[in-house]
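A short worksheet on the structure shown next.
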Amino acid sequence: MNSTHGRRAFLAAAALQASGLGSIWAHGQSPAGKLKMGRRGVNICGAEFGVDPSFHNGNPGRFGQAFTYNSERTVAYFATHGLGLIRLPFRWERVQPRLRNALDKAEVDRLALFIDWAQKHGASVILDLHNYGRYTISRDGRPIEARIDQTIAGHAGVTRADFADLWRRLANRFANRTTVVAYGLMNEPHDMADSSWKAISQAAVDAIRATGDAKPIMVAGESYSNSEHFTKINGPKAWINDPSHNIIYEAHCYFDSDFSGSYRASYDDELLRDPALKLRGKKRIQPFLDWCARNRVQGIVGEYGVPGGDARWLELLPPFFAAIDQAGFDACYWAAGEWWGKYPLSIQPGDDFRTPAPQLAAVARRVR
């Protein structure tokens with residue numbers, strides 16, 4: 001979601017309450033002229049929850065209280081409903097509490113168990129490092145959200161080499177898990193200032209490839225991965241050099257007026273400002289699709305979502321889906337997860353999995 005502060009506030013509150021991609025990410029039409037539709041999937045959230053003001057790498061929160069990996073029932077539910085491409089958000093500070101040191105065994109075991117659930121139910125997993133281009137460290141007893149390659153008090157707090165080291169270790173751990181169909185390098189890098197996201201992401205790709213792992217790597221666009229402004233923000237050219245030629249560029253697309261996914265204004269207010277509201281999703285995703293086509297690269301919509309409380313928002317989805325299906329791109333709905341409570345965009349079923357969310361019928365693709 002494009003609004004970091006809004007989402008983090010909700011995640012903190014929620015915590016307190018508590019089959020491969022290569023063939024489906026090929027761009028365009030098949031040789032026979034048939035539409036090559038991508039898969040539809042879902043973000044299953046919870047492992048990135050619990051990022052409160054005291055959060056840092058030495059205080060990452062307690063599993064089961066601050067954050068969760070949900071349950072096998074949730075994985076099975078969405079796999080059964082045609083949303084078996086699962087983007088799994090998790091936090092760097094938890095999986096690697098000390099930079100350039102071994103991964104945390106308990107956290108890696110949780111990731112592995114989730115992957116086991118997905119494999120059992122015929123789903124696929126995208127590992128999504130949900131850190132916004134940052135890593136929160138403790139300095140002088142207070143948390144500092146350090147931007148990668150940012151200089152803090154004359155010293156590099158977290159570097160691109162640290163980031164590359166993390167992904168080298170994750171690749172070594174999960175390269176042979178075929179259920180893991182892509183690595184999402186970083187969710188929504190933003191406000192990177194003099195840190196070069198292009199150089200940072202290239203360093204991570206280089207580190208993964210140096211292990212011999214040719215798995216697809218998802219590289220997000222800067223500025224919250226905004227799809228409509230993808231060229232303006234990231235420039236006209238694709239930037240990753242990959243010897244395996246297996247890069248997927250990632251954009252996010254929300255349909256409210258400020259692109260944030262917060263949906264603060266009502267549908268009626270949005271319609272008053274924009275009579276062409278029903279086509280807004282198609283309008284916003286098309287620049288990203290065009291950028292990918294010009295660069296002859298693969299793409300994915302890592303996040304999109306609409307409120308379930310007003311059925312008129314669902315009417316924006318068919319034109320949006322038509323555009324991404326024409327490109328043959330996958331898309332993961334934001335969001336599922338057992339700790340969302342009354343979150344308006346949640347697609348998690350209610351009443352102990354007996355009541356589908358209003359968005360499900362519009363989003364799910366029939367299992368083929």
Helix-derived mean residue ellipticity, 222 nm - over the chain, DSSP H n ≥ 4, -39500 (n - 2.57), to 500 = -9500 deg cm²/dmol
remark   = Residues Asp242, Asp274 in order from fewest to most other beta-carbon atoms within 10 Å are Asp274, Asp242
task = Could you calculate, for the stretch 92-211, the ratio of the Cα radius of gyration to the Kirkwood radius, expressed as Rg to Rh?
result = 0.99
key: For the chain, fraction of C-alpha pairs farther apart than 25 Å, in %   = 51
request  = Restricting things to alpha carbons, find the Rg to Rh ratio for the stretch 35-132 using the Kirkwood radius for Rh.
outcome  = 1.01
key: Evaluated at q = 0.13, 0.16, 0.29 Å⁻¹: base-10 log I(q)/I(0), Debye formula over Cα of the stretch 33-87   = -0.48, -0.62, -1.08
Electrostatic dipole magnitude of the chain [Cβ: Lys, Arg +1; Asp, Glu -1; Cα centre; debye, to 20] = 820
remark   = Given backbone amide H placed at 1.01 Å from N, residues whose amide H is under 5 Å from that of Ile152, ignoring those fewer than 5 places away on the same chain, are Gly157
query = So how compact is the stretch 231-368: Cα radius of gyration and Dmax in angstrom?
reply = 16.3, 49
key: Phi to ³J(HN,Hα) by Karplus 6.51 cos²θ - 1.76 cosθ + 1.60 over the stretch 82-99, Hz, x for Gly, Pro   = x, 10, x, 8, 9, 8, 10, x, 8, 9, 4, 4, 7, 7, 9, x, 10, 4
remark   = So, for the Cα atoms of the stretch 293-368, Rg and Dmax in Å stand at 14.0, 46
ask   = What does the stretch 176-222 give for Rg and for Dmax, in Å, if only its C-alpha atoms count?
value = 11.9, 37
key: Vicinal HN-Hα couplings computed from phi for the stretch 243-252 (Karplus, 6.51 cos²θ - 1.76 cosθ + 1.60; Hz; Gly/Pro x)   = x, 8, 6, 9, 9, 10, 7, 10, 10, 10
query = Could you name the lysines in cross-link range of Lys215, using Cα to Cα under 26 Å and dropping any fewer than eight places away on the same chain?
reply = Lys36, Lys105, Lys120, Lys198, Lys237
inquiry  = Going Cα to Cα from Lys342, which aspartates and glutamates come in below 17 Å? Please leave out same-chain ones fewer than 8 positions away.
reply    = Asp310, Asp351, Asp352
inquiry  = Residue by residue through the stretch 186-201, what is 3J(HN,Hα) from phi via Karplus (6.51 cos²θ - 1.76 cosθ + 1.60, θ = phi - 60°)? Round to whole Hz and write x for glycine and proline.
reply    = 6, 6, 6, x, 7, 6, 7, 6, 8, 7, 8, 4, 4, 5, 5, 5
ask   = Dividing the alpha-carbon Rg of the stretch 188-258 by 2.2 N^0.38 Å yields what?
value = 1.17
remark   = Quick calc of log₁₀ I(q)/I(0), the stretch 135-275, Debye, one scatterer on every Cα, no solvent, q values 0.11, 0.18, 0.21 1/Å, result -0.52, -1.07, -1.25
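Every number in this text was worked out from the coordinates using simple rules, so none of it is lab data. If you're wondering where the values come from, they're calculated on a predicted model, not measured in any experiment. Reconstructed Cβ throughout: ideal geometry from the backbone, glycine too, with neighbour counts over all protein chains shown.
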